[in-house]
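**Q** Input: one structure, supplied below.
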Amino acid sequence: MNHFKKIAGVLEAHGLDAVLLTCEANRFYASGFHSSGTDGVAIVTRNHNYYFTDSRYTEAAARHVRDAEIRETDREHPYSALINEVTEKEHITRMGYEDEYMTAADFRRFSEKLHCELVPATELLWTLRAVKDQAELECMIQAQRIAEKALADILGEIRPGITEKEIAALLLYKMLHYGAEDKSFDPIVVSGANGSLPHGVPSEKPIQAGEFVTMDFGCKFGGYCSDMTRTVAVGHVTEEMET
């Protein structure tokens, strides 16, 4: 699953010849291939697509990236040099960039070295990514189903004496066991008085009978995230807790 065509289809309307993708999430959205941090660059032009990365990822990129030319960057061929090759080959004068994500240092370096004008284009990408296609929706649904299965297993483990950290660890294990690629974010598991912390960090605190336990968690499937929050009572509830 990639979105090269979807991105290319809106370039002319925005007065762009190409868009440069350095942000991890946007590289994945365009190519369907995940490489961490700043270890990759994707370029989408009106007619062609390119994916540049270093030697750690070129083999995997060759297996997973479709409809794009893949090149390897190294000391003799830095990203700026590879991008300039595309700029000259495709006669690019205006290239969109991710103004909401690119660091000031990277923008300065690219501005000095690239043979084209850099134009802010984050809003363009946000607009495209906001509308999910059927394949994306199916990944999101599957991510949620995995989280739900993990919760169903965990409910039988929540009892007096188990700690918040142990519950968090079990949630992570169960989601991976049922097919998740990773967690969506660090899970929140808080109990008793800790429940007043909206983004509390799981602690060594043992769960007590008569307490609420709040769990906020999710997982990734196909690069897309789920996110759910559930609160359960342990052992018994008071009249105040019921209301």
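The values are calculated or read from the model by the stated rules, or taken from the named source; none is laboratory data. The structure presented is a predicted model; accordingly, all values stated were derived computationally and were not measured. Cβ sites come from the backbone with ideal geometry, for glycine too, and all protein chains shown count toward neighbours.
**Q** Only one of these conditions is not met by Ala61: (1) in contact with a His (Cβ under 6 Å, 6 or more places away or on another chain); (2) among the aliphatic types (A, V, I, L, M); (3) within 20 Å of Arg75 (Cα to Cα). Which number is it?
**A** It is condition (1) that Ala61 fails.
**Q** Of everything in the stretch 104-139, what is of a type outside the set (D, E, K, R) and closer than 20 Å to Ser226 by Cα? Give them in sequence order.
**A** Trp126, Leu128, Ala130, Val131, Gln134, Ala135, Leu137, Cys139 - these are the residues of the stretch 104-139 that are of a type outside the set (D, E, K, R) and closer than 20 Å to Ser226 by Cα.
**Q** A follow-up question, please. For the stretch 6-38, which residues satisfy the criterion of being without any contact (Cβ under 8 Å) to a residue 24 or more places away in the chain and either outside the structural domain of Glu123 (by TED's automatic domain parsing) or more than 23 Å from Phe107 (Cα to Cα) (or both)?
**A** Listed by number, the residues that qualify are Gly9, Ala13.
**Q** Which ranges mark the strands (runs of 3 or more DSSP E) fully within the stretch 103-217 that have 3 or more residues being assigned by TED's automatic domain parsing to the domain that holds Ser36 and either in contact with an Asp or Glu (Cβ under 7 Å, 6 or more places away or on another chain) or more than 26 Å from His236 (Cα to Cα) (or both)?
**A** Passing ranges, in order: 117-120.
**Q** Further question on the same structure: Considering each of Ala193, Ala168 in turn, give the residue that is among the small types (Gly, Ala, Ser) and closer than 22 Å to Met140 by Cα.
**A** Selected residue: Ala168, the only one of Ala193, Ala168 that is among the small types (Gly, Ala, Ser) and closer than 22 Å to Met140 by Cα.
**Q** Checking the conditions here, which among Ala130, Ala147 is over 26 Å from Thr53 (Cβ atoms) and crowded, with 17+ Cβ neighbours inside 10 Å?
**A** Of Ala130, Ala147, the one residue that is over 26 Å from Thr53 (Cβ atoms) and crowded, with 17+ Cβ neighbours inside 10 Å is Ala147.
**Q** Tell me, please, whether a residue that is of a type outside the set (Asp, Glu), crowded, with 22+ Cβ neighbours inside 10 Å and touching a helix residue (DSSP H, G or I) at 6+ places or on another chain (Cβ under 7 Å) can be found in the stretch 68-91.
**A** no
**Q** Since Glu157 meets every condition but one in (1) farther than 30 Å from Asp216 by Cα; (2) touching a Leu at 6+ places or on another chain (Cβ under 8 Å); (3) acidic (Asp, Glu), which condition does it not meet?
**A** (1)
**Q** Within the stretch 225-235, is there a residue that is among the polar types (S, T, N, Q), within 25 Å of the chain's Cα centre (by Cα) and either modelled with pLDDT of 95 or more or exposed (fewer than 14 other Cβ atoms within 10 Å of the Cβ) (or both)?
**A** Step one: list which residues in the stretch 225-235 are among the polar types (S, T, N, Q), which gives 226, 229, 231.
When the remaining residues are screened for being within 25 Å of the chain's Cα centre (by Cα), the result is 226, 229.
After this cut, where a residue has to be either modelled with pLDDT of 95 or more or exposed (fewer than 14 other Cβ atoms within 10 Å of the Cβ) (or both) as well, the list is 226, 229.
Looking through the stretch 225-235, at least one residue is among the polar types (S, T, N, Q), within 25 Å of the chain's Cα centre (by Cα) and either modelled with pLDDT of 95 or more or exposed (fewer than 14 other Cβ atoms within 10 Å of the Cβ) (or both).
**Q** For Met140, indicate whether it is closer than 15 Å to Cys219 by Cα, touching a residue at least 40 places away in the same chain (Cβ under 8 Å) and touching a helix residue (DSSP H, G or I) at 6+ places or on another chain (Cβ under 7 Å).
**A** When the stated conditions are applied, Met140 does not pass them.
**Q** Here's something else I'd like to know. Does the stretch 36-64 hold any residues that are within 17 Å of the chain's Cα centre (by Cα) and either surrounded by 20 or more Cβ atoms within 10 Å (Cβ to Cβ) or within 17 Å of Ala8 (Cβ to Cβ) (or both), and which are they?
**A** Gly40, Val41, Ala42
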